[in-house]
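Following: one structure in C-alpha cells, then a few remarks.
The values are calculated or read from the model by the stated rules, or taken from the named source; none is laboratory data. Quantities reported herein were computed from a predicted structural model and do not represent experimental measurements. Quick reminder, even Gly has a Cβ in these numbers, built from the backbone with ideal geometry, and neighbours come from all protein chains shown. Side chains included, ligands, DNA and RNA excluded: accessible areas come from the protein's heavy atoms. Shrake-Rupley method; radii C 1.70, N 1.55, O 1.52, S 1.80 Å.
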Amino acid sequence: MEARLNTFELEVAAKVIKRLGAVGQVLDQSTLPKRTQELVKLRASQINGCGFCTDMHAKDAVADGESWVRLNLVAAWREATVFTEAERAALALAEEGTRIADAQTGVSDEVWEQVRKHYDDEQIGALISVIAVINAYNRFNVIAQTPAGGYEPGMFG
C-alpha cells in the first residue's frame, strides 16, 4: 500500500504538521501522565481507523514502558481490569470527544464528571488538547491513506 500523497512533501501540509508537532511537545511537558496521553491517542486512532497512528502510539507506549497486555485491551477498556479509574475517565472522554457528532450533546455530563473527579483543570486542558490533536493527525493519515507498520519509536524526534 502506498499513500495517496506524502503530506510531508507539501508546503502547506508540512507546515501544519510541523506546528502540530510543536503542540505535541507542549503536551509532553504537561502534568497529564504520558501513559494516559498514549492510551488516549491509541483509542482515538482505533476509532478513526488510523493505522499509522495506531501503530505509532502503541510502539511509543511500549518504548515508554507500557505493557502489550494493556495496549491490546484499549479497544475493550470497559471490560478490562488493567486500567485505573482515571485512565478509564480519560478513555471515555477520548471516545466521546472523537465521536462528537454521534451524540446530540457531544460529551456527556457523566463522562465530564468522571474526568473532573480525577484530573485538575490544567490536566483537563491537556487531555482535551491531546484528543483534538490526535484527531487532526488521524484525519491527515486516513485521508492520505498513510500506510501502517513501518513506524519506529523516535523516528520523528
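Here are a few things to note about the model shown:
- Annotation for region 17-61 versus region 103-122: alpha-carbon center distance of 20 Å.
- Charge context of Thr81, other residues only, Cβ under 11 angstrom, K/R +1, D/E -1: +2
- Remark: the Arg139-Met155 segment gains 3.7 nm on full extension, using 0.36 nm per residue and subtracting the alpha carbon distance.
- Residue-wise HN-Hα coupling along region 26-33, computed from phi with Karplus coefficients 6.51, -1.76, 1.60 (Hz; x: Gly, Pro): 4, 5, 4, 8, 6, 7, 5, x
- Sequence ranges 90-96, 61-67, 5-11, 39-45, ranked by mean other-Cβ count within 10 angstrom, highest first: 39-45, 90-96, 61-67, 5-11
- Across the options Ala3, Ala92, Ile131, the greatest Cα extent toward the positive end of the charge dipole of the chain (unit charges at beta carbon of Lys, Arg, Asp, Glu) belongs to Ala3.
- Of the solvent-accessible surface of the chain, computed with a 1.4 Å probe over protein heavy atoms with every protein chain present, carbon and sulfur atoms account for 55 percent.
- Where only DSSP H runs of four or more residues are counted, the chain gives -20500 deg cm²/dmol as its mean residue ellipticity at 222 nm, each run worth -39500 (n - 2.57).
- Entry for Cα Rg over 2.2 N^0.38 Å (calculated from the structure that is shown) out of [x] 1.24; [y] 1.02; [z] 0.94: [y]
- Within a straight-line Cα-Cα reach of under 24 Å, Lys117 can be paired with the following lysines, leaving aside sequence neighbours fewer than 8 residues apart in one chain: Lys34, Lys41.
- Seen from Asn138, the other residues with C-beta closer than 13 Å to its C-beta sum to a net charge of +3, counting Lys and Arg as +1 and Asp and Glu as -1.
- Legend: Rg and Dmax of region 1-87, from Cα coordinates, 14.8, 45 Å.
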